[in-house]
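Q: This structure is in structure tokens; I'll ask about it shortly.
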Amino acid sequence: MNDYLLSVVLGIVEGLTEFLPVSSTAHLRLSEALLHISLSDGYWKMYSIVIQLGAIACLPVYFRDRIAKFLSTFPRGERGDRTVLTHPLGLVTIAFVITAIPSFLLTKVIGKHLENLYIIGWSLLIGGVVMWIVDAMNAKSEAAGPSAGGGRIRTWKMENMSLGQAVWIGFCQIFSGVFPGTSRSMATIAGGQLAGMSRASALEFSFFVSIPTMVAATGYTLFKSVRGKGENPIGVSQIDAHGWIVLAIGFVVSFIVAYASVAWFMAYVRKHGFAPFAVYRIVVGTLVLVFAARLAG
């Protein structure tokens, strides 16, 4: 396949799956395997990082009004009842720190797991079952809405989150780093729902906490890669004009597709549940395990 068309395909895959609870890492690894891209090649490792940054870049643009509102009300909040630690921006920072430190310490473990199809397959499958169960537990309360007293749901808006909920979600995110296929989005959403958050509030917090989390993770890996350090590095001087164009195409396509994906997902979740994504994860996870078994055989 032509490198430019290949970049478009991978950019679409990344943009569609980065923020949906289906694991972009798993889908990229599967796409690379099916398209016969060498995972040991430093350039394509760097390419994966660049298109992730493209997807992440859509969030500050999409949520620009919300971000401006949070910045203008920091630290007391709109009602004046928040603190530095309990303001939405403070909660995002806390969840990020709780996720970042263990993830950094487990960098070598995470690197070894990234290409393990068995781990990806089981993570997709188990994560799908967990997501389905958790969403079903909250379905009745979601249908009734906040006017019915909330039921299992205590937090309907991100502005009303508690410090404990942010800490819990931060811990949940660690699993997505250690076990590729878990999906950071799935871990955040399911963790939020277990902590008494509505689908919409858990999803929005998932988007916000992904900004510092993914920028730090991908930025650090990209920095090592372009400096010619780390595993299978590639220095900037080694990339020719063709290579830069391929990177640019992937970045732009990923940004555009991710923006559309976020807009659609926000609207969809408010009316429907996460069950279709859970079923998808279970099916794909099963197929990955079968594929991995055939490769091993």
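Q: From GLY54, GLY127, GLY111, grab the single residue that is at pLDDT below 90 and either more than 15 Å from the chain's Cα centre (by Cα) or outside any loop (DSSP other than H, G, I, E, B) (or both).
A: Exactly one of GLY54, GLY127, GLY111 is at pLDDT below 90 and either more than 15 Å from the chain's Cα centre (by Cα) or outside any loop (DSSP other than H, G, I, E, B) (or both), namely GLY111.
Q: Against the conditions (1) free of Cβ contacts under 8 Å to residues at least 60 places away in the same chain; (2) hydroxyl-bearing (Ser, Thr, Tyr); (3) over 24 Å from PHE175 (Cα atoms); (4) in a helix (DSSP H, G or I), where does THR83 fall short? Just the number, please.
A: Failing condition for THR83: (4).
Q: Among the residues of region 16-24, is there at least one that is surrounded by fewer than 14 Cβ atoms within 10 Å (Cβ to Cβ), among the small types (Gly, Ala, Ser) and part of a helix (DSSP H, G or I)?
A: The answer is no, given that none of the residues of region 16-24 is surrounded by fewer than 14 Cβ atoms within 10 Å (Cβ to Cβ), among the small types (Gly, Ala, Ser) and part of a helix (DSSP H, G or I).
For every residue, the table says whether it meets (1) out of contact with any Phe, Trp or Tyr (no Cβ under 7 Å at 6 or more places or on another chain); (2) of a type in the set (Phe, Trp, Tyr); (3) more than 20 Å from LEU124 (Cα to Cα); (4) crowded, with 22+ Cβ neighbours inside 10 Å.
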{"position": "SER38", "(1), (2), (3), (4)": "no, no, yes, no"}
{"position": "TRP44", "(1), (2), (3), (4)": "yes, yes, yes, no"}
{"position": "TYR47", "(1), (2), (3), (4)": "yes, yes, yes, yes"}
{"position": "GLN52", "(1), (2), (3), (4)": "yes, no, no, yes"}
{"position": "ILE56", "(1), (2), (3), (4)": "yes, no, yes, yes"}
{"position": "ARG66", "(1), (2), (3), (4)": "yes, no, yes, no"}
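Q: Also, I was wondering about something else. Just to be sure, is SER201 crowded, with 18+ Cβ neighbours inside 10 Å and either part of a helix (DSSP H, G or I) or modelled with pLDDT under 90 (or both)?
A: yes
Q: Separate question: Take ILE51 and decide whether it is within 19 Å of GLY219 (Cα to Cα) and out of contact with any strand residue (DSSP E or B) (no Cβ under 6 Å at 6 or more places or on another chain).
A: Considered against the rule, which asks whether it is within 19 Å of GLY219 (Cα to Cα) and out of contact with any strand residue (DSSP E or B) (no Cβ under 6 Å at 6 or more places or on another chain), ILE51 comes out as yes.
Q: If PHE74 meets every condition in (1) among the aromatic types (Phe, Trp, Tyr); (2) buried (at least 18 other Cβ atoms within 10 Å of the Cβ); (3) more than 18 Å from PRO180 (Cα to Cα) apart from one, which number is that one?
A: Answer for PHE74: the failing condition is (2).
Q: Among the residues of region 269-278, write down those that are closer than 19 Å to SER24 by Cα and either exposed (fewer than 14 other Cβ atoms within 10 Å of the Cβ) or free of Cβ contacts under 8 Å to residues at least 40 places away in the same chain (or both).
A: Scanning region 269-278 gives a single hit, PRO276.
Q: Okay, moving on. Just to check your reading of the model, which residue among THR182, THR155 is under 15 Å from the mean Cα position of the chain (by Cα) and touching a residue at least 12 places away in the same chain (Cβ under 8 Å)?
A: THR182
Q: Take PHE265 and decide whether it is out of contact with any strand residue (DSSP E or B) (no Cβ under 8 Å at 6 or more places or on another chain), of a type in the set (A, V, I, L, M, F, W, C), at pLDDT 90 or above and surrounded by 13 or more Cβ atoms within 10 Å (Cβ to Cβ).
A: yes
Residues are listed down the side, and each one gets a yes or a no for (1) more than 23 Å from GLU204 (Cα to Cα); (2) of a type in the set (Phe, Trp, Tyr); (3) in contact with an Asp or Glu (Cβ under 9 Å, 6 or more places away or on another chain); (4) modelled with pLDDT under 90:
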site	(1), (2), (3), (4)
ILE256	no, no, no, no
VAL269	no, no, no, yes
HIS272	no, no, no, yes
ALA278	no, no, yes, no
ILE282	yes, no, no, no
VAL288	yes, no, no, yes
PHE291	yes, yes, no, yes
ALA296	yes, no, no, yes
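Q: Which residues, counting only those in region 143-195, are surrounded by fewer than 22 Cβ atoms within 10 Å (Cβ to Cβ), part of a helix (DSSP H, G or I) and of a type in the set (D, E, K, R)?
A: Residue satisfying the conditions is GLU159 alone.
Q: Starting from region 1-28, keep only residues that are closer than 20 Å to LEU125 by Cβ, then list their pairs with residues that are crowded, with 24+ Cβ neighbours inside 10 Å and charged (D, E, K, R) whose Cβ atoms are within a distance under 6 Å, requiring at least 6 positions of separation or different chains.
A: VAL22/ARG281; SER24/GLU14; SER24/GLU18
Q: Separate question: Of (1) modelled with pLDDT of 90 or more; (2) within 16 Å of VAL262 (Cα to Cα); (3) among the hydroxyl-bearing types (Ser, Thr, Tyr), SER23 satisfies all except one. Which?
A: Of (1) modelled with pLDDT of 90 or more; (2) within 16 Å of VAL262 (Cα to Cα); (3) among the hydroxyl-bearing types (Ser, Thr, Tyr), only one is false for SER23: (1).
Q: With respect to LYS229, is the statement that it is loosely packed, with under 15 Cβ neighbours inside 10 Å, at pLDDT below 90 and under 24 Å from LEU20 (Cβ atoms) true?
A: no
Q: Ok, one more. So which residues in region 59-92 are of a type in the set (A, V, I, L, M, F, W, C) and touching a Gly at 6+ places or on another chain (Cβ under 7 Å), if there are any at all?
A: Once the filter is applied, which keeps residues that are of a type in the set (A, V, I, L, M, F, W, C) and touching a Gly at 6+ places or on another chain (Cβ under 7 Å), region 59-92 yields only VAL84.
The values are calculated or read from the model by the stated rules, or taken from the named source; none is laboratory data. For clarity, every value in this text was computed on a predicted model and none was experimentally measured. Please note: Cβ atoms are built from the backbone with ideal geometry, for glycine as well, and neighbour counts cover all protein chains shown.
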